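Notes to accompany the following structure.
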DNA sequence: TGACTCTGATTAGGTATCTAATTATATAGT
DNA sequence: ACTATATAATTAGATACCTAATCAGAGTCA
């Protein structure tokens with residue numbers, strides 16, 4: 001531990017936090033919903049998006065395209081999103097959120113709202129505000145790094 | 001975005017950072033090695049552990065036992081660890097690192113050392129030092145929360 | 001127009017993780 | 001000693017991710 005580069009411990013803590021939060025989140029969400037699926041639904045509603053290609057969605061969430069294909073296929077099978085061929089580009093598709101998707105998103109939001117008071121005692125808003133800029137900057141930097149390394 | 005609870009954005013940044021770092025890490029590691037497997041090897045060497053049960057390892061890494069069973073099975077198949085029945089408890093098993101496991105861990109350490117200078121420009125040590133205590137506290141709090149919720 | 005390259009989506013194969021359920025052994029209490 | 005409960009490991013079934021490879025349509029350039 002003591003002779004480890006600081007970065008090891010730093011990213012290790014982040015990894016464990018993400019894992020614990022993801023699991024708690026998934027358990028709080030309606031049966032069958034996952035963080036990834038909720039994120040997609042939320043993206044459409046928050047940004048008021050009508051249609052967006054899988055590739056664009058993948059870029060927005062920093063995941064690979066096959067990952068997005070898989071998530072979207074699952075969401076289409078449960079009617080949370082609709083997918084059609086892009087009339088202007090035969091390669092591409094266009095994804096849109098369905099009414100059922102919007103309803104599910106609302107249910108998720110409600111479920112998550114109930115989680116806030118549970119997490120509150122663990123980390124105060126002020127603490128998050130202190131760390132957020134650093135995290136955001138780090139995320140942006142890492143994302144840029146990834147694209148270079150490609 | 002603007003009307004989201006702060007926690008959403010906070011944990012979202014953490015999730016993306018973890019994902020990006022995990023992928024970079026896995027790519028840097030020797031072929032076939034993963035973060036989870038490296039973590040197990042590193043644990044044995046750093047803490048100078050001879051034998052430890054899968055359940056203890058699962059607790060140490062905050063993962064479920066089936067997850068550890070799966071990871072250990074894979075590591076045993078590649079001779080990175082050895083597993084035997086606990087002579088004092090018929091239910092339990094005892095895991096130990098092999099010579100090959102130690103060698104692999106050394107190779108991983110070397111590979112990761114080369115990553116440090118790549119990450120350095122993205123986040124300075126001083127920044128990590130500033131955030132680390134908060135992250136550690138958060139991780140500990142979430143872990144306690146999980147056990148309560150169980 | 002034809003060849004080369006790029007981009008979008010998908011398929012195949014693999015690891016990590018989770019929950020639920022099963023099997024076996026240990027421990028405690030009556 | 002027997003029963004009930006708790007703990008260890010595993011199996012089964014799913015989701016999210018990744019990389020590599022494939023297929024198809026779009027763009028570029030000579």
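Just to verify a number: FRET efficiency for residue A:111 and residue A:74, C-beta to C-beta distance, R0 = 22 Å, to 0.05?
Numbers: r = 19 Å, r/R0 = 0.87.
That gives a FRET efficiency of 0.70.
Taking the simple approach of a point 7 Å from Cα along Cα-to-Cβ for both residue B:65 and residue A:120, what is their distance in nm?
Between residue B:65 and residue A:120, the simple spin-label model gives 3.6 nm.
With no solvent and one point on each alpha carbon, what is the Debye value of log10 I(q)/I(0) for the range B:33-106 at q = 0.12, 0.14 Å⁻¹?
-0.27, -0.37
Distances from residue A:26 to the same residue in each other copy, label points 7 Å out along Cα→Cβ, in nm, shortest first?
1.4
If I stretch the segment between residue B:46 and residue B:99 completely, what's the gain in nm (0.36 nm per residue apart, minus their alpha carbon distance), one decimal?
17.6 nm
So the label point sits 7 Å from Cα along the Cα-to-Cβ vector; using that for residue A:117, what distances do you get to the other copies, in nanometres, sorted shortest first?
5.4
Quick one: compute a quarter of the convex hull surface over the Cα atoms of the range B:10-71 and quote it in nm².
Working: hull surface 20.5 nm².
Average of the hull's projected areas for the range B:10-71 equals 5.1 nm².
Starting with the fewest neighbours, write out B:45, A:63 ranked by other beta-carbon atoms found within 10 Å of each beta-carbon. Don't skip to the answer; put the middle values down first.
Working: B:45 14, A:63 18.
Arranged by neighbour count, lowest to highest, B:45, A:63 become B:45, A:63.
Check the axis relating chain B to chain A and name the residue of B whose C-beta is nearest, distance in whole Å.
Value returned for chain B: B:18, 2.
Once the convex hull of the C-alpha atoms of the range B:69-150 is built, how many Å³ does it hold per residue, rounded to a whole number?
In the range B:69-150, the Cα convex hull volume per residue is 169 Å³.
In nm to one decimal, list the spacings between the residue B:136 label point and its equivalents in the other copies, with label points set 7 Å along Cα to Cβ, shortest first.
Reported distances to equivalent positions: 2.7 nm.
Can you give me the relative contact order of the range A:1-120 as a percent, contacts being Cα pairs under 8 Å and 6 or more apart?
So the answer I get is 26 percent.
Going by how many other Cβ atoms sit within 10 Å of their own, how do A:143, A:18, A:89 line up, fewest first?
Arranged by neighbour count, lowest to highest, A:143, A:18, A:89 become A:89, A:143, A:18.
On a 0 to 90 degree scale, rounded to 10, what angle separates helix A:125-149 from the longest Cα axis of chain A?
The helix A:125-149 is inclined about 70 degrees to chain A.
Angle, helix A:65-77 long axis vs. longest principal axis of chain A, Cα atoms, 0 to 90°, nearest 10?
60
Once all Cα-Cα distances of the range A:2-145 are split into 10 Å bins that start at 0, what whole-number percent is in each one?
The percentages, shortest bin first, are 10, 32, 34, 19, 5, 1.
Based on alpha-carbon positions alone, could you give the equivalent ellipsoid semi-axes of the protein assembly as shown from the gyration tensor, as √(5λ), descending, whole Å?
Working: eigenvalues 243, 97, 97 Å².
Those come to 35, 22, 22 Å.
Set the Förster radius R0 to 41 Å, insert the Cβ-Cβ distance between residue A:140 and residue B:84 as r into 1/(1 + (r/R0)^6), and round the FRET efficiency to 0.05. Walk me through the numbers before you get to the answer.
Values: r = 48 Å, r/R0 = 1.16.
Step by step, r from the Cβ atoms, then E = 0.30.
Given N residues in the range A:102-143, what is its alpha carbon radius of gyration divided by 2.2 N^0.38 Å?
1.55
For Cα pairs less than 8 Å apart in space and 6+ apart in sequence, what is the mean separation divided by the residue count of the range A:50-150, i.e. the relative contact order in percent?
For the range A:50-150, the relative contact order is 21 percent.
Only helical DSSP H runs with n ≥ 4 go in: add -39500 (n - 2.57) per run for chain B, normalise by residue count and round the 222 nm mean residue ellipticity to 500 deg cm²/dmol.
Calculated mean residue ellipticity at 222 nm is -21500 deg cm²/dmol.
Read the figures in this text as sums done on the coordinates, not as results from a lab. Because the structure is predicted, anything quoted here is derived from the model rather than measured. Please note: Cβ atoms are built from the backbone with ideal geometry, for glycine as well, and neighbour counts cover all protein chains shown.
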